[in-house]
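The values are calculated or read from the model by the stated rules, or taken from the named source; none is laboratory data. Everything numeric in this text was worked out from a predicted model, so none of it was measured. All Cβ positions, even for glycine, are placed from backbone atoms using ideal geometry, and neighbour counts span all protein chains on display.
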Amino acid sequence: MAEYIYSILLTQPIILFSWGFTSPIAIKMGLKFSVSGFLLKGTVQILYNCGSDSFDLTFYNEDGTVRNSIKGIFFDELVNVIDEQVERVENYKDRVNKEYFI
C-alpha cells in the first residue's frame with residue numbers, strides 16, 4: 001500500500017518536494033513521511049481505508065501532537081488536500097520568492 005500511495009504523490013512531484021518531503025516509511029496500510037512546509041513542520045500519515053476506498057490523513061507537529069485529521073480523501077484529491085495542510089499559504093508565489101530570495 002505504501003508504494004501505491006507514493007505513486008499517487010509522485011504524480012505531482014513539484015508539489016510533493018515543495019513540502020520538504022523526506023523519510024518516507026511504509027506502515028501497515030499506509031505511508032508516513034516528514035515535511036517542512038510553510039504551514040506544517042512535522043509528519044504526515046496516510047492510511048488506506050478499505051471500507052470507503054479512500055484515505056485517512058493525520059498531520060503531526062514536530063513534537064508529535066496531532067495538528068489535524070481528515071478522513072475520506074479519494075486518491076485524486078490526495079496531493080491537493082495535503083498541500084493545503086502543509087504548504088499552501090495566501091500569496092504563495094510571493095512567499096516562495098521571499099523565502100528563497102528570488
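Okay, here's what the table says:
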item: Every residue from the range 22-35 that is in contact with a helix residue (DSSP H, G or I) (Cβ under 9 Å, 6 or more places away or on another chain) and either modelled with pLDDT under 95 or closer than 27 Å to Tyr92 by Cα (or both); result: Pro24, Leu31, Lys32, Phe33, Val35
item: Failed condition for Arg95, given (1) in contact with a helix residue (DSSP H, G or I) (Cβ under 8 Å, 6 or more places away or on another chain); (2) at pLDDT below 95; result: (1)
item: Test: residue in the range 85-98 that is polar (S, T, N, Q), surrounded by 14 or more Cβ atoms within 10 Å (Cβ to Cβ) and not in a helix (DSSP H, G or I); result: no
item: Filter result (hydroxyl-bearing (Ser, Thr, Tyr) and without any contact (Cβ under 8 Å) to a residue 12 or more places away in the chain) within the range 40-91; result: Thr65
item: Residue tally, condition closer than 18 Å to Thr22 by Cβ and either among the aromatic types (Phe, Trp, Tyr) or touching a Gly at 6+ places or on another chain (Cβ under 7 Å) (or both), over the range 41-66; result: 6
item: Subset of the range 9-21 that is over 11 Å from the mean Cα position of the chain (by Cα) and modelled with pLDDT of 95 or more - its residue that is farthest from Phe74 (Cα to Cα); result: Pro13
item: Selection from the range 1-24 of residues that are under 17 Å from Glu62 (Cβ atoms) and free of Cβ contacts under 8 Å to residues at least 12 places away in the same chain; result: Ser23
item: Qualifying position, being over 15 Å from Ser69 (Cα atoms) and assigned to a loop (DSSP other than H, G, I, E, B), among Phe17, Phe38; result: Phe38
